[in-house]
Amino acid sequence: MSDRLGPDRTNALLLVAAMVILMWGTEVVDVIAGGRLDSYGIHPRHVDGLPEILSAPFLHAGFGHLISNTVPFALMGAAIALGGLVRVALVTLIVALVSGLGTWLVASSNSVHLGASGVVFGYAAYLVTRGLLSRRLTELAVGAVVAVVWGFGMLQGLLPQDRISWQAHLFGAIGGVIAASLFAERRRRAPAAATA
């Protein structure tokens with residue numbers, strides 16, 4: 001299979017798989033530790049907790065929470081990974097940072113935010129926006145599938161709700177739009193191939 005995909009796509013898919021494995025391994029450790037790792041979620045406006053922006057996507061409030069994030073994270077992450085290792089790494093980083101910083105800035109100061117759903121919302125927004133900006137048939141089709149399958153849940157997840165980090169969802173989606181726009185701009189600036 002790696003011969004058909006090429007080493008770059010294979011490595012990109014392995015990165016997505018490694019992130020999923022890290023999430024599951026972290027949750028197993030968290031259960032053994034009695035939930036102590038959950039304290040490493042995002043604590044809004046606590047300056048000493050800024051590094052938690054990077055740890056929060058890998059932490060979950062139980063296996064139900066983890067399972068609900070794993071499937072869309074893996075599927076949409078794989079779709080992005082087909083664009084290569086740099087693409088999936090940068091999209092993930094942009095989305096995680098925008099989601100985490102936005103949550104850190106606007107969420108209630110007496111709350112803790114954790115889970116990969118901000119990244120999931122960012123992945124979805126990236127795939128839909130990428131299709132709209134590129135107008136390539138395959139990317140439009142992927143964006144349409146994401147919109148149909150996750151669209152209603154995505155819109156609902158952006159609305160303020162108790163015990164749901166809608167801030168992470170909202171800023172994750174914003175991060176996805178930013179990432180898609182940056183890659184679309186980069187694609188536009190790439191020199192056209194010379195023809196003979």
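The values are calculated or read from the model by the stated rules, or taken from the named source; none is laboratory data. Not measured: the values here are computed from a predicted model. Cβ placement follows ideal geometry from the backbone for every residue including glycine, while neighbour counts extend to all protein chains displayed.
If you go through the stretch 117-142 and keep only what is under 18 Å from the mean Cα position of the chain (by Cα) and farther than 14 Å from residue 80 by Cβ, you end up with 117, 118. In this structure, residue 124 does satisfy being touching a residue at least 24 places away in the same chain (Cβ under 8 Å) and part of a helix (DSSP H, G or I).
Filtering the stretch 32-45 to residues that are out of contact with any strand residue (DSSP E or B) (no Cβ under 7 Å at 6 or more places or on another chain) and in contact (Cβ under 8 Å) with a residue 24 or more places away in the chain leaves 38, 39, 40, 43, 44, 45. Residues satisfying the criterion are present in the stretch 49-69 (criterion: aliphatic (A, V, I, L, M), loosely packed, with under 15 Cβ neighbours inside 10 Å and over 23 Å from residue 102 (Cβ atoms)).
For residues in the stretch 70-100 being closer than 13 Å to residue 20 by Cα and small (Gly, Ala, Ser), which is surrounded by the fewest Cβ atoms within 10 Å (Cβ to Cβ)? Result: 78.
Return yes when residue 55 is in a helix (DSSP H, G or I), in contact with a helix residue (DSSP H, G or I) (Cβ under 7 Å, 6 or more places away or on another chain) and of a type in the set (Ser, Thr, Tyr) and no when it is not. Yes. In the stretch 101-112, the residues that are hydrophobic (A, V, I, L, M, F, W, C) and surrounded by 20 or more Cβ atoms within 10 Å (Cβ to Cβ) form Cβ pairs under 9 Å with partners that are modelled with pLDDT under 90 and outside any loop (DSSP other than H, G, I, E, B), at six or more places apart or across chains, as follows: 104/49. The one condition from (1) without any contact (Cβ under 8 Å) to a residue 12 or more places away in the chain; (2) small (Gly, Ala, Ser); (3) not in a helix (DSSP H, G or I) that residue 115 does not meet is (1). Restricting the stretch 33-81 to residues that are more than 18 Å from residue 171 (Cα to Cα) and of a type in the set (D, E, K, R), the residue that is modelled with the lowest pLDDT is 48. For the stretch 129-150, state whether one or more residues are surrounded by fewer than 20 Cβ atoms within 10 Å (Cβ to Cβ), within 24 Å of residue 24 (Cα to Cα) and of a type in the set (S, T, N, Q). No, the stretch 129-150 contains no residue that is surrounded by fewer than 20 Cβ atoms within 10 Å (Cβ to Cβ), within 24 Å of residue 24 (Cα to Cα) and of a type in the set (S, T, N, Q). Do you know which residues across the stretch 69-92 are over 21 Å from residue 24 (Cβ atoms), in a helix (DSSP H, G or I) and not charged (D, E, K, R)? Correct list: 85, 86, 90, 91.
Taken together, the residues in the stretch 19-52 that are assigned to a helix (DSSP H, G or I) and farther than 23 Å from residue 81 by Cα amount to 15.
Of all the numbered requirements in (1) closer than 27 Å to residue 47 by Cβ; (2) modelled with pLDDT under 90; (3) of a type in the set (Ser, Thr, Tyr), residue 195 misses one, and that requirement is (1). Listed conditions (1) at pLDDT 90 or above; (2) in contact with a strand residue (DSSP E or B) (Cβ under 6 Å, 6 or more places away or on another chain) are all met by residue 165, apart from (1).
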